[in-house]
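Heads up, the thing below is written out as structure tokens.
The values are calculated or read from the model by the stated rules, or taken from the named source; none is laboratory data. Predicted model only: the values in this text are computed from it and were never measured. Every residue, glycine as well, gets a Cβ built from its backbone with ideal geometry; the counts of neighbours run over all protein chains shown.
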Amino acid sequence: EQTIAEQDSSLNSLLSKLNKTSSDLQKQKQITAVKIKEFDNIRAQLEEKHEGRVKGLQDEIEELRSLLSKLGKELLNIKSELEIQREENSRSPTTAMKNLVERLKNQLALKEKQQKALSKALLELRAEMTAAAEQQIISVASQKEAHMNVQQIVDKHTKELRSQIEDLNDQLLKLKDALKLSKNKESSLLD
């Protein structure tokens, strides 16, 4: 009887431990489920922000394309003005006018070179943006870090490109003014 009582006591103790372990396991499952849900929510938020940033970058690229197109048209106008100036100078060439046209030609060549560099920088920016958009990082911390790195790179390149475009536009305006001035001088020389 004593042995049976001891066995019952041991069995009850084991059952109690089993119940406690089962209860602990159930609690852990609930905690894990909550954590998974929180992680999924955070990941969804980060993915949404990432998609928004990619959309913003695409908009910036379109804006840069538009500026490049405008710059290209202005360069074509300068070429046309130079051609007209060349024709006028060929009728009554002077050393001063020849020098002016030569200087404007050199400036135009420089502008075209800068435009090519700007186009290349735009392509590099787009490539970086595409690479960043394709990299899906599972870890929340890694996603945050990657998102910040992409944003910093893009912001830096965008700022540099915008600054270059502004400089080019300023120089184009000066070139146009110089061309107009040379035309006026040519007209006064012809008169």
Q. Are any residues in the range 76-99 among the basic types (Lys, Arg) and at pLDDT below 70, and if so, which ones?
A. Arg91
Q: Being over 19 Å from Ser163 (Cβ atoms), free of Cβ contacts under 8 Å to residues at least 60 places away in the same chain, assigned to a helix (DSSP H, G or I) and out of contact with any helix residue (DSSP H, G or I) (no Cβ under 8 Å at 6 or more places or on another chain) narrows it down to one of Lys27, Lys98, Lys105, so name that one.
A: Lys27
Q) Hey, does the range 75-88 have a residue that's over 26 Å from Glu166 (Cβ atoms) and exposed (fewer than 10 other Cβ atoms within 10 Å of the Cβ)? A) yes
Q | Yes/no for Ser22 being over 30 Å from Arg162 (Cβ atoms) and without any contact (Cβ under 8 Å) to a residue 40 or more places away in the chain | A | yes
**Q.** Breaking point among (1) at pLDDT 70 or above; (2) within 30 Å of Asp40 (Cβ to Cβ); (3) not polar (S, T, N, Q), for Leu122
**A.** (2)
Q: Kindly list the number of the only condition in (1) surrounded by 11 or more Cβ atoms within 10 Å (Cβ to Cβ); (2) at pLDDT 75 or above that fails for Glu186.
A: (2)
Q) Here are some conditions: (1) surrounded by 13 or more Cβ atoms within 10 Å (Cβ to Cβ); (2) under 30 Å from Lys120 (Cβ atoms); (3) not aromatic (Phe, Trp, Tyr). Leu46 meets all but one. Which one does it not meet? A) (2)
